[in-house]
Amino acid sequence: MELKWLEDFVALASSLSFSRAAQERSITQSAFSRRIKQLENWLGVILVNRATFPAELTKEGKAFLPSAQESIRNFYSTRDSLRPKSANTDTVTFAALQTLTVTFFPEWLKNLERTVGAISSKVAADRGGIEDNVAMLVDGEVDFFLSYAHHHVPFWLDGTRFPYLVLGRETLLPVSCPEPEGPLLDRCIAVGKDVPYLSYGDFSFFGVALGKLFAAEQAFTRRVVHENTISVGLKAMTLAGWGVAWLPEKLVEQDIREGRLAPASHDAKWNIDVEIRIYRHAASSRPIVERLWRGMEKGLTA
């Protein structure tokens, strides 16, 4: 049983609407419904009558609601009592997509420090899936969420509660080991040969964006030879000659310049341009969070 299942159920009990509760919890409605079902399966009872509109709690759901609310309160109360009293006063915590912690975060944070003064920072463990990383911001586990953004990858965040700044841009491009015959992706497509494909999977940020790209452009057959949600891992496999991977340009620009990797296509339609965004929780009143946010805004207008 997971705490987020209880929080989902309490949100649903408040609104009696799967769509509104999913929006409040900043996840898709299908994922929200799945988590409510997982809670019901764990308890062994039906909590919500889905045959009515609006939804209604069943007898078991009404009986379970006070316990769910009390469990949530107890969990956070215990967490707060265990934390050192000085914790979270000077240190800012970031959730970030793993690739950005390598290609963007270190230099950007150093530049920010020049504007706002000394910074003590911490990066929470990347949970892999888009929704799980967003949930850390929604649940108040982190101060900021650093992410890529693309119009084909939905972010279920209310802009009034979770404002964001665009810090920069990045290009995802197909690369492979250089071959004398020319770009690997172009050659495979031209002769109808399977493309040896290094995949992000279906549910990571880049996996979703690439799925949309493949559906919209010229069809070709991909043979998945390896899967990893982390770009750095896919880069290592690409350098070892396993096939084509779509990687952030900043991650591979030196390898391309020095000839270890090469663009796998001459056609720019296979590139994906994304924004680099940072989100915060508007309700946070910690002075250090406000100071950094003002510094970020100042840096964008300088």
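Tabulated data
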{"quantity": "Those aspartates and glutamates that a straight Cα-Cα span of less than 16 Å connects to K122, excepting residues fewer than 8 apart in one chain", "calculated": "D90, E107, E113, E141, D143"}
{"quantity": "Residue pairs, from the table K110/K250; K4/K212; K4/K235; K37/K212; K212/K269; K193/K250, whose Cα atoms sit over 22 Å apart", "calculated": "K4/K212; K4/K235; K37/K212; K193/K250"}
{"quantity": "For E227, residues with placed amide H under 5 Å, excluding near neighbours", "calculated": "S199"}
{"quantity": "Modelled label reach - E2, point 7 Å along Cα→Cβ, segment 190-217 residues with backbone N closer than 17 Å", "calculated": "202-205"}
{"quantity": "Accessible surface of segment 251-302 [probe 1.4 Å, protein heavy atoms]: carbon and sulfur percent", "calculated": "50 percent"}
{"quantity": "Among A21, A283, A124, residue whose mean-square fluctuation peaks in a GNM of the chain (springs only between Cα atoms under 10 Å)", "calculated": "A283"}
{"quantity": "Alpha-carbon centroids, segment 125-178 and segment 52-77: separation in whole Å", "calculated": "30 Å"}
{"quantity": "Portion, in percent, of the accessible area of segment 90-175 that falls on carbon or sulfur, probe 1.4 Å", "calculated": "50 percent"}
{"quantity": "Total charge dipole magnitude, the chain, about the Cα centre, Cβ charges on Lys, Arg, Asp, Glu only, Debye to nearest 20", "calculated": "580 debye"}
{"quantity": "Under the Karplus curve 6.51 cos²θ - 1.76 cosθ + 1.60, θ = phi - 60°, whole-Hz ³J(HN,Hα) for segment 153-166, x wherever Gly or Pro sits", "calculated": "10, x, 10, 8, 10, 6, x, 6, 8, 9, x, 9, 10, 8"}
{"quantity": "Full-stretch length increase - K37, H152 - with 0.36 nm per residue and alpha-carbon distance subtracted", "calculated": "38.7 nm"}
{"quantity": "Total formal charge among the other residues, if their Cβ is under 14 angstrom from that of R257, Lys/Arg +1 and Asp/Glu -1", "calculated": "-2"}
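The values are calculated or read from the model by the stated rules, or taken from the named source; none is laboratory data. All figures in this text were calculated on a predicted structure; none of them were measured in a lab. Using ideal geometry, Cβ is built from the backbone for each residue, glycine included, and neighbour counts are taken over all protein chains shown. SASA here: full protein model, heavy atoms, side chains in, ligands and nucleic acids out. Shrake-Rupley method; radii C 1.70, N 1.55, O 1.52, S 1.80 Å.
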